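None of the figures in this text is laboratory data; all of them are computed from the coordinates on show. Source: prediction; values computed, not measured. Neighbour counts are summed over all protein chains in view; Cβ atoms, including those assigned to glycine, are modelled from backbone coordinates with ideal geometry.
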Amino acid sequence: QVQLVESGGGLVQAGGSLRLSCAASGRTFSDYAIGWFRQAPGEEREFVAAISRSGLSTAYAESLKGRFTISRDNAKYTVYLQMNSLKPEDTALYYCAARRNGGTSSSAFPYNYWGQGTQVTVSS
């Protein structure tokens, strides 16, 4: 199995940027597709972005395209989420999740392993 730890969250003003990291340990990292999800208070968890095992294929929530970029460094066992032009509505707890030998699913169901999350707060 794989263990995931998110970092990089914090408080930022609207229009600012943050880069989240998802550091993995355990089994071979390149066996896992990685997804980012977020959940705001009182809201359901929603898909943000996902990246394939090789990093050659990515997927984004339609509303976030152009502002968020997902990438990975398999040698460092890390996936990144670069978030630009942040808005107050981006405020949420951001989670990364892993699925073994799978693709870039936007559904949370196929992901077997989850981190504890990192809080992102965007002030207006």
From phi via Karplus (6.51, -1.76, 1.60), per-residue ³J(HN,Hα) for region 40-46 in Hz, x at Gly/Pro: 8, x, x, 10, 7, 5, 10
Inverse mean reciprocal Cα-Cα distance (Kirkwood Rh) of region 1-48, Å: 13.0
Alpha-carbon centroids, region 71-108 and region 1-62: separation in whole Å: 2
Percentage relative contact order, the chain, counting C-alpha pairs under 8 Å, at least six apart: 37
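Can you give the % of DSSP beta bridges in region 1-80 that are antiparallel, to the nearest 5? Working shown, then result.
Details: 20 of 21 bridges.
Among the beta bridges of region 1-80, antiparallel pairing accounts for roughly 95 percent.
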For a label point 7 Å along the Cα-to-beta-carbon line of residue 76, residues of region 6-25 with backbone N under 17 Å: 6-9, 18-25
Estimated inter-spin distance, residue 3 and residue 100, nm [label 7 Å along Cα→Cβ]: 1.7
Residue 121-residue 17 pseudo-label distance in nm [points 7 Å out on the Cα-to-Cβ vector]: 2.4
Residues listed by number, region 53-78, amide nitrogen under 20 Å from residue 39 label point at 7 Å toward C-beta: 61
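Say R0 is 25 Å: what FRET efficiency, to the nearest 0.05, do residue 107 and residue 87 get from their beta-carbon distance?
Working: r = 24 Å, r/R0 = 0.98.
That gives a FRET efficiency of 0.55.
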